[in-house]
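> To start, I am sharing the structure in question, which I have written as C-alpha cells.
Values quoted throughout were computed directly from the atomic coordinates according to the rules given, and no laboratory measurement underlies them. Remember, it's a predicted structure, so these values are computed and weren't measured experimentally. Cβ atoms come from the backbone with ideal geometry, glycine included; neighbour counts cover every protein chain shown.
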Amino acid sequence: MNIENKRKIFKYNEDDILEILSEYLSEENGFDTFYSRSIILGTPGKDLRLVAVIGDLDDINIAKLNLEEIEKESDYNGTHLDLDDSLLSCMGCYFFLGYFRNNYCF
C-alpha cells in the first residue's frame, strides 16, 4: 500500500472549526456541559484569531455578548504550545490564534 492510500484529508467549514475548538476549550477548562459563543476573525495567514466565551449551561447571557468588542478589549491568552496532540490530530491541521497552516497530521 502506498503512502497516499494512508492519508486522510480533512476539510472543515467555519461551524465545524468553532465546534471543535469550543468543545476542546470547554473540556480543558473543566466544563462538562456548557454554553458558548465563538467567532473567527481576521485573514488566514495574516491575523486569523479565535474569540470564544464559555460558561455554565445556564449562562444564557453569553448569547448577548458582543464578541467583536471582547476581541478589542482582550489580550491574547493562549499559545499554540497549550494545544495537545489529540486536538491537532482531530483537526487535521495546526490552527491557532494568528495563523492557519495546512500541515496534515498522519
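> Are there GluC sites (Glu not before Pro) in segment 18-61 that DSSP puts in a loop and that have at most 11 other Cβ atoms within 10 Å, and which ones?
none
> Here's another thing I want to ask about it. Within segment 3-63, which trypsin sites (Lys or Arg not before Pro) sit in a loop by DSSP and count at most 15 neighbouring Cβ atoms inside 10 Å?
Here the trypsin sites (Lys or Arg not before Pro) that fit, given the DSSP loop and packing criteria, are R7, K8, K11, K46.
> Do you know the relative contact order of segment 15-78, to the nearest whole percent, from alpha carbon pairs under 8 angstrom that are 6+ apart?
So the answer I get is 27 percent.
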